[in-house]
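Heads up: the structure comes next, in structure tokens.
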Amino acid sequence: MSNTQKKNVPELRFPGFEGEWEEKKLGEFAGKVTQKNVDKKYIETLTNSAELGIISQKDYFDKEISNIDNIKKYYVVEENDFVYNPRMSNYAPFGPVNRNKLGKKGVMSPLYTVFKIQNIDLNFIEFYFKSSKWYRFMALNGDSGARADRFSIKDRTFMEMPLHIPCMDEQIKIGQFFSKLDRQIELEEQKLELLQQQKKGYMQKIFSQELRFKDENGKDYPEWEETTIKEIAQINTGKKDTKDAITNGSYDFYVRSPIVYKINTFSYEGEAILTVGDGVGVGKVFHYVNGKFDYHQRVYKISDFKNYYGLLLFYYFSQNFLKETKKYSAKTSVDSVRKDMIANMKVPRPIYIEQKKIGQFIKRVDNKTKIQKQVIELLKQRKKSLLQKMFI
């Protein structure tokens, strides 16, 4: 690939291609789909997700949102049709444009804009819409509409969107390149899934005592005892609120989400397990910390472990606490956590040397998953950078 400073050419380009890219309007090679499912021939409703692309509505929501009576007003979406969803998110600030690659037809809500592409490489256009090159046009020609989460732009205006298009050979080259990069990311994500399943399998076998460690003489350790968290640790909540966070602060600040903020104060120094006390993260968000940090008034800190290996408790607690909280609720989800729910939770208690062996073993497996996540993140960042440099 080569860099170039010419007008109407990308910053990064494959060798062998010269000349400026031609500016065209989307409507010159795209046509809006207006065919509706009037005869109810198609019954599978599709949805367009910013993260997952076009998938079955049933798979996305775990249930059907549409019904047989209203799908006759839905648009028919064929294979390789493109769909614009005006719903805004962090992943798609103006809504996502995705291509139907399911290998089958379906129907979509009339809230979506469905269009077909002709005489342009489909992969090229697909990845163009993964870049942010079209955001400026959207910002200048639409608005957030009556709903704060939905962008509003007329179909006619959407089709006026200007795009820079190279010759067909270069389109194909670019499309193939990003398709291969996506495939590489997909394979690395499959590796991560296998590692996560492996970790889960090990933890299930270890905590069910199907898998036991031996001492240095090859003999079994003593039978496990059972205890409660209040007997082996202290449990407290923080005193800060999310508004106390400071950008580029000196210490980690744990709030009611997986995201770790920063702050310029610390209220604890040492080893601790943190989990949220209310919100969507109940029973799902856990942190293991060893150092100086501060934490939210609705975050629980488990610390000051008494003859218990903290890392082992973290692994057991994070795997089993959600199930524990559901004992206290008639619903499938839990809105909040009380201190006694943590304090009275029963945990296994091997002798300390076996605790340490188990904790360190799981940590080694866990580190492999963390490294694999870093590999995937680097690939995604590379893709994001290349999308900005290889399109205009």
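The values are calculated or read from the model by the stated rules, or taken from the named source; none is laboratory data. For clarity, every value in this text was computed on a predicted model and none was experimentally measured. Note: ideal-geometry Cβ built from the backbone for every residue, glycine included; neighbour counts use all protein chains shown.
Between Asn70, Asn85, which is without any contact (Cβ under 8 Å) to a residue 24 or more places away in the chain, at negative phi, in the same structural domain as Asp155 (by TED's automatic domain parsing) and not small (Gly, Ala, Ser)?
That would be Asn70, the only listed residue that is without any contact (Cβ under 8 Å) to a residue 24 or more places away in the chain, at negative phi, in the same structural domain as Asp155 (by TED's automatic domain parsing) and not small (Gly, Ala, Ser).
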- Note on the structure: Given the conditions (1) over 19 Å from Glu231 (Cβ atoms); (2) at pLDDT 95 or above, every one holds for Lys323 apart from (2)
- Does the stretch 246-276 hold any residues that are farther than 18 Å from Gly291 by Cα and of a type in the set (Gly, Ala, Ser), and which are they? Ser257
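Can you give me the ranges of the helices (runs of 4 or more DSSP H) entirely in the stretch 282-392 with at least 2 residues that are in contact with a Gly (Cβ under 8 Å, 6 or more places away or on another chain)? Before you say what the answer is, go through the steps one by one.
Working: elements: 310-325, 339-343, 352-390.
Per the criteria, 310-325.
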- Query: When the stretch 215-261 is examined, which residues are found to be surrounded by 11 or more Cβ atoms within 10 Å (Cβ to Cβ), part of a helix (DSSP H, G or I) and free of Cβ contacts under 8 Å to residues at least 60 places away in the same chain?
  - Reply: Thr242, Asp244
- Message: Considering only residues that are without any contact (Cβ under 8 Å) to a residue 24 or more places away in the chain and not assigned by TED's automatic domain parsing to the domain that holds Lys384, which ones fall in the stretch 155-207?
- Response: Arg156, Thr157
- Item | Elements of type strands (runs of 3 or more DSSP E) in the stretch 11-81, at least 2 residues being within 19 Å of Leu102 (Cβ to Cβ) | 46-49, 53-56, 75-77
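Here is a yes/no grid of residues against (1) out of contact with any strand residue (DSSP E or B) (no Cβ under 8 Å at 6 or more places or on another chain); (2) modelled with pLDDT under 95; (3) not hydrophobic (A, V, I, L, M, F, W, C):
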site	(1), (2), (3)
Tyr316	no, no, yes
Asp340	yes, yes, yes
Val347	no, no, no
Ile353	yes, no, no
Ile358	yes, no, no
Ile362	yes, no, no
Thr369	yes, no, yes
- Would the stretch 342-361 turn up any residue that is out of contact with any helix residue (DSSP H, G or I) (no Cβ under 6 Å at 6 or more places or on another chain) and free of Cβ contacts under 8 Å to residues at least 40 places away in the same chain? no
- Task: State all residues of the stretch 362-385 that are without any contact (Cβ under 8 Å) to a residue 60 or more places away in the chain and among the aliphatic types (A, V, I, L, M); if no residue qualifies, say none.
- Result: Ile371, Leu378
- Message: Given the criteria in contact with an Asp or Glu (Cβ under 7 Å, 6 or more places away or on another chain) and over 16 Å from Val285 (Cα atoms), does Ser250 qualify?
- Response: no
